[in-house]
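Asks: Just passing along the structure, written as structure tokens.
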Amino acid sequence: MVRRTLHFWVSFNPAMGSTSHTFSNLAVQIWNCLFLAAFVSLLVGCSQYRSSSQTGIPPTSVSVSISPNVSQIIAGQSVQFVAAVSGNSNSLVSWAVNGVNGGGPTTGTVSSAGLYLAPASAPAAGTVTITATSIVDGTQSASAIVTIQNTIVLSPAAVSLAIGTTQQFTATVNGQTNSQVVWSAGGTPGGNAAFGTISANGLYTAPSVIPSSDITIPAPVLQFVTDSVGSNACSDSCSTRAQLQQASPQAATT
């Protein structure tokens with residue numbers, strides 16, 4: 001190991017006082033400078049920490065989870081979601097349905113407490129996405145999928161029939177223990193000679209003469225549900241159109 005020695009040459013000046021006194025003052029000044037520099041560095045660090053806290057810069061460890069993450073409900077029903085935030089003491093989240101804060105009339109709404117209320121009629125897609133986003137870190141979120149079914153789904157949605165022919169309709173009742181429905185044709189339960197008849201099992205028989213207007217089969221109608229009505233996928237009642245013609249039946253169109 002190479003050792004190096006640093007030599008100081010000091011000349012004595014009577015006007016400046018003793019040499020030891022001069023070095024003593026110099027050492028005090030150097031110490032004061034070092035102490036001041038350390039103190040300033042500490043103040044800058046505290047200021048940066050305080051600024052970071054006040055601006056709410058989130059830690060990178062924030063994560064969000066949501067429960068339940070999959071749900072299936074009937075139109076008009078509700079489901080409670082719970083969001084958990086880890087990595088930060090601020091557990092507040094914002095709620096959205098299909099990317100819209102609070103949701104809307106066609107997709108359903110969600111409250112600030114995570115209570116989702118499905119629309120009266122299921123959306124065309126049949127599902128919606130519920131998202132909880134951390135307030136402290138907007139880049140962190142969790143989502144859940146909700147499948148929404150209407151109380152009644154009628155099939156087929158539309159048909160084209162020749163006069164005097166028959167068509168079997170089926171009704172699927174969701175979310176109810178009682179699946180009984182009432183079938184009507186032309187606004188009359190069971191139908192009539194002018195608009196055709198429909199049995200309790202949904203078998204429709206077209207009339208022998210084409211009526212002046214298309215036949216609407218506003219069935220099935222649940223006797224115990226009074227929710228709003230949709231088109232061919234609805235809450236308490238559905239309707240389908242049977243277009244009658246002289247020729248042979250054609251493929252159904254919606």
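Asks: Tell me, Kirkwood radius of segment 79-136 from alpha-carbon pair distances, in Å?
Replies: Radius from the Kirkwood sum: 11.8 Å.
Asks: Separate question: Using 10 Å bins from zero, what percent of all Cα-Cα pairs in segment 73-211 falls into each bin?
Replies: The percentages, shortest bin first, are 11, 29, 20, 17, 12, 7, 3, 0.
Each reported figure results from applying straightforward, stated rules to the coordinates on display, with no laboratory input. Note that the structure is a prediction, hence the values are computed from the model and not measured.
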